[in-house]
Amino acid sequence: MTAKFPKNFLWGGAIAANQVEGAYNADGKGLSVADVMPRGILNSEPVLNGELGDFPYHTAIDFYHTYKDDNALFAEMGFNCLRLSIGWSRIFPNGDDAEPNEAGLQYYDDVFDDLLSKGMQPVVTLNHYDLPLGLVTKYGGWRSRELITAYERYCKTVFTRYQSKVKIWMTFNEINCVLHAPFTAAGLVFKEGENKLQLQFQAAHHQLVASALAVKACHEIIPDAKIGCMIAAWPTYPDTCNPDDTLKAMAKDRQMLFFGDVQARGYYPSYAKRLFRENGFEIEMATGDEAILKQYAVDYVAFSYYMSQVESADPDRREKTGGNLMGGLMNPYLKASEWGWQIDPKGMRIILNQLYDRYQKPLFIVENGLGAIDSVNADDSISDDYRIDYLRDHLQQVAEGIADGVELMGYTTWGPIDLVSASTGEMKKRYGFIYVDKDNEGQGTGRRLRKKSFYWYKDVIATNGEEL
Ligand code: BG6
């Protein structure tokens, strides 16, 4: 019988600096866009000129100080990798400082050393929703080309520093979210009368060029490393077999695929021209940009997957699905999480096939998981069978995707330890195998507890996915 998962498959979990570390101003760290969001991407506007209160990302789960113990728990589950991000503003507090901050560089040296000593290879996202705030106030975020230079310098600094420790990199987390969360993903604040879509795509162009330059630098500095893009992926289904619904779904799909198309194939897809034209703008490109995109395509395509969505061309049907970050209609064939995200394991197989058919490059599932409310039993156990069900159902479809012929590098669940939600800034939306005793108000001991899913995932890894 053929094994479900390949040998040397990467098993682990994924976290992001701003959602776990806390210590938001320790050891010379500058503020990032996450530090000025009181209650996450969906529930708040950035506080740019006011007093910063006690915001959730400021303390998060204190991973900055607890990483050794937390890594030990990941190792206990058998992880052979951990996806984590570097906080850019720990390295360059304002984003474009003349010299990097040695304390920040040392911190990630220590974290990577600790992971490696415990048998886990670091899989590193260069920028995960925490652009240095200095780059927003000084340049207006990614609307400015200046950020390409700042990002390239940051990348070269960390590639050089960690070249012997980190061999798998990703350029931007969920790069397509510049279209959905422009402040968080690109530091964009719009002025009255501005063409928002134009600015979003202009910022995207800068990020895409920056991403290609990061690929170039990574290959030059660490020849044996792989560097990929990362997109928030979800299949879009047409509401009916009316061709108008299919066209609507296709347009929605392209909001995601555009980014993979440029990063994996190395050029702007033909459909982009019409989109820009019909929205009354062109992308400003510098001489040489297209050549850079062409020459430095990514080695692999990473993606997050949580849900699918449904699109209709009928305006009366287009009421929003509650809590679904991407909008869309309710799918009567699917259940939804407590946050209204529609649970669609088969969508995982669909997206794996769609991305592999299109790009023919290795894929890497770097986020998947269920945000749910957990309760702690009297004996400190946590019976999160719903999380096990969600992950098992998805992993079964991952195995189907592999059987379909998809080349897959690995699977890292989102939030192997409870962390602060990106969309709502809450702690009660928990993803972890490890419970963290902390509530939405930041109260709690911070104590870590193993949930039932902890033992389940440990078995999954120990059997290389044969037992789900
Ligand atoms: C992805 C992000 O969009 O989804 C993560 O890369 C985020 O940062 C995750 O945490 C889950 O979303 P949420 O809003 O439930 O935290």
**Request:** Provide the gained length on full extension for the span residue 103 to residue 360, in nm with one decimal, where the gain is 0.36 nm per separating residue minus the Cα-Cα distance.
**Result:** 88.5 nm
**Asked** In square nanometres, what is one fourth of the surface area of the convex hull spanned by the alpha carbons of the chain?
**Response** 21.7
**Prompt:** In the range 1-100, which trypsin sites (Lys or Arg not before Pro) fall in coil by DSSP and have 10 or fewer other Cβ atoms within 10 Å?
**Reply:** 7
**Asked** Are any of the pairs 191/273; 335/458; 428/451 more than 19 Å apart by Cα-Cα distance, and if so, which?
**Response** 191/273; 335/458
**Prompt:** Want the number for residue 49 to residue 378: 0.36 nm per residue separation, take away the alpha-carbon distance, what's left?
**Reply:** 113.9 nm
**Prompt:** Efficiency by 1/(1 + (r/R0)^6): what FRET value for residue 251 and residue 191, r their Cβ-Cβ distance, R0 = 41 Å, to the nearest 0.05?
**Reply:** 0.90
**Message:** 7 Å from Cα along Cα→Cβ at both residue 242 and residue 428: what's the point-to-point distance in nm?
**Reply:** 3.9
**Prompt:** Given 10 °C and 1.306 mPa s, how large is the Stokes-Einstein diffusion coefficient of the range 146-272 in µm²/s, with Rh as the Kirkwood radius over Cα pairs?
**Reply:** 99
**Message:** Cα atoms only: what Rg and Dmax, in Å, come out for the range 327-385?
**Reply:** 16.1, 50
**Request:** Would you mind counting up the charge near residue 34? Only other residues with Cβ under 12 Å from its Cβ, with Lys and Arg at +1 and Asp and Glu at -1.
**Result:** -1
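Restricting to the chain, compute how many DSSP beta bridges are antiparallel as a %, nearest 5.
Within the chain, antiparallel bridges account for around 20 percent of the total.
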**Residues of the range 46-68 with amide N under 15 Å of the 7 Å Cα→Cβ point at residue 117** = 66-68
**Request:** List the lysines whose Cα lies under 26 Å from the Cα of residue 29, skipping any in the same chain that are fewer than 8 positions away.
**Result:** 68, 138, 156, 165, 167, 438
**Request:** Filter the trypsin sites (Lys or Arg not before Pro) in the range 379-434 down to the DSSP loop ones having no more than 16 other Cβ atoms within 10 Å, then list what survives.
**Result:** 428
**Complete:** Simple spin-label estimate for residue 25/residue 220, 7 Å along Cα→Cβ, in nm, reads 3.8
**Message:** Straight-line reach only, C-alpha to C-alpha below 16 angstrom: list the aspartates and glutamates that residue 294 could link to, leaving out same-chain residues fewer than 8 apart.
**Reply:** 261
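The numbers here are math on the coordinates, done by the rules we state, and not lab data. Here the structure is a predicted model, which means the values were calculated and not measured. Backbone-built Cβ (ideal geometry, glycine too); neighbour counts: all protein chains shown.
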